[in-house]
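Here the structure comes first, spelled out in structure tokens, and everything after it is commentary.
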């Protein structure tokens, strides 16, 4: 059974970088069948897909247009995890952030969620 | 403004059958599968229906999904109090090259 465990700070100052990590158990970040996503949820924006990383003989990334200039998602094969970095945050980036596993064409598993507040 | 359109609320009494809709376009629902998620208060979304009408193991057969053209529906029969939750539809959008979601339907069991 796949489980995703998120970690990271719950408070980030405006203009700084939001960083979260998602540790995978029950699958491999290097799987040729899975994709590793970050999704956020806020009252104003609802569920919003941010991006993903996946391995198909080489690593690929895909990012939402809304955050493309500020986001990086990286795999860490040594720790079987992946991370999210979102630069230059503003209060509009306040949300619950989820890591999620895509498999066989759908998002099958979600992390527990991390509330990140952007405030000074 | 979510890419997929869902009614904000739905309600029913125990034992009743309720349906909720999800509307999209040719670049998402019309060209790919629809998936449904249930979100209980304070928890992460949970996969309820995948690939239009498939139930993961452990999901009761009271839950069913369908798709036609650029729209989809989720039906819950034999409504129970524990079904009170938010329900979201999702689909891959080929034009955006990303996942898109509905704004969610809040189900109240009266």
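The values are calculated or read from the model by the stated rules, or taken from the named source; none is laboratory data. On a predicted model such as this, the values are computed, not experimentally measured, just so you know. No Cβ is skipped: glycine too gets one built from the backbone with ideal geometry, and neighbour counts run over all protein chains shown.
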Q) Has the range A:93-102 got at least one residue that is more than 25 Å from residue B:37 (Cβ to Cβ), in a strand (DSSP E or B) and in contact with a strand residue (DSSP E or B) (Cβ under 9 Å, 6 or more places away or on another chain)? A) no
The lone condition residue B:100 fails out of (1) within 14 Å of chain A (Cβ to nearest Cβ); (2) surrounded by 15 or more Cβ atoms within 10 Å (Cβ to Cβ); (3) assigned to a loop (DSSP other than H, G, I, E, B) is (3)
query = Within the range B:70-91, is there a residue that is within 14 Å of chain A (Cβ to nearest Cβ), under 28 Å from residue A:95 (Cβ atoms), in a loop (DSSP other than H, G, I, E, B) and in contact (Cβ under 8 Å) with a residue 40 or more places away in the chain?
reply = no
Test: residue A:16 is in contact with a strand residue (DSSP E or B) (Cβ under 9 Å, 6 or more places away or on another chain) and under 25 Å from residue B:91 (Cα atoms):
no
Scanning the range A:80-89 residue by residue, those over 16 Å from residue A:115 (Cβ atoms) and in contact with a strand residue (DSSP E or B) (Cβ under 6 Å, 6 or more places away or on another chain) turn out to be A:80, A:81, A:82, A:83, A:85
Exactly one of B:26, B:9 is closer than 24 Å to residue B:94 by Cα and surrounded by fewer than 19 Cβ atoms within 10 Å (Cβ to Cβ), and that residue is B:26
Checking B:54, B:16, B:39 in turn, the sole residue that is modelled with pLDDT of 95 or more, surrounded by fewer than 17 Cβ atoms within 10 Å (Cβ to Cβ) and at the interface with another protein chain (Cβ under 10 Å from one of its Cβ atoms) turns out to be B:54
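Condition check ((1) assigned to a strand (DSSP E or B); (2) touching a residue at least 12 places away in the same chain (Cβ under 8 Å); (3) touching a helix residue (DSSP H, G or I) at 6+ places or on another chain (Cβ under 8 Å); (4) within 14 Å of another protein chain (Cβ to nearest Cβ)) across all residues:
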| residue | (1), (2), (3), (4) |
| --- | --- |
| A:16 | no, yes, no, no |
| A:21 | yes, yes, no, no |
| A:32 | no, yes, no, no |
| A:52 | yes, yes, no, yes |
Check your understanding: Hey, does the range A:35-48 have a residue that's more than 13 Å from every other protein chain (Cβ to nearest Cβ) and either crowded, with 19+ Cβ neighbours inside 10 Å or at pLDDT 95 or above (or both)?
Key -> no
Being within 11 Å of another protein chain (Cβ to nearest Cβ) and assigned to a loop (DSSP other than H, G, I, E, B) narrows A:66, A:28 down to just A:66
Those residues of the range A:108-118 that are within 7 Å of chain B (Cβ to nearest Cβ), on the phi < 0 side of the Ramachandran plot and either crowded, with 21+ Cβ neighbours inside 10 Å or not in a strand (DSSP E or B) (or both) come to a total of 3
Of the residues in the range B:68-95 that are farther than 21 Å from residue B:40 by Cα and in contact with a strand residue (DSSP E or B) (Cβ under 8 Å, 6 or more places away or on another chain), the one that is surrounded by the most Cβ atoms within 10 Å (Cβ to Cβ) is B:72
